[in-house]
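Each reported figure results from applying straightforward, stated rules to the coordinates on display, with no laboratory input. Predicted model, so just to flag it, every value in this text is computed and none were measured. No Cβ is skipped: glycine too gets one built from the backbone with ideal geometry, and neighbour counts run over all protein chains shown.
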């Protein structure tokens, strides 16, 4: 039994000692191995805002409803249940953010919802 205790593993409780350990992020990183910051990439993404978030969700819903956003990319198969889920999320956001958005944000949200709902009704009724 004594041999098992000597050849076993050691448990070290490091709780409460995290402040004494050096932070790995403060160590210098060579520029050759570091990834460039997102703001310096050659394809800069638009700044993140509520409007761009709404546009992203809306674009996803349109793709799920069979819209081909780029001629180079193949159209995705139609998935109305997932598209409806995104529309419902946008409705919830509209309800929960009422009176807290700028005029531009409100307009983007209303316009996107209207477009998506009309497209969904068209596809769900089979009159495309």
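Got a number for residues in the stretch 89-112 being assigned to a helix (DSSP H, G or I) and touching a residue at least 40 places away in the same chain (Cβ under 8 Å)?
Just the residues of the stretch 89-112 that are assigned to a helix (DSSP H, G or I), to begin with: 89-96, 103-112.
In the following step, the residues that additionally are touching a residue at least 40 places away in the same chain (Cβ under 8 Å) were identified as 104-105, 108-109, 112.
Looking only at that region, the number is 5.
Annotation: residue 120 fulfils all but one of (1) under 15 Å from residue 54 (Cα atoms); (2) part of a helix (DSSP H, G or I); the unmet one is (1). Within the stretch 77-88, the residues that satisfy the criterion of being surrounded by 14 or more Cβ atoms within 10 Å (Cβ to Cβ) and part of a loop (DSSP other than H, G, I, E, B) are 78, 79.
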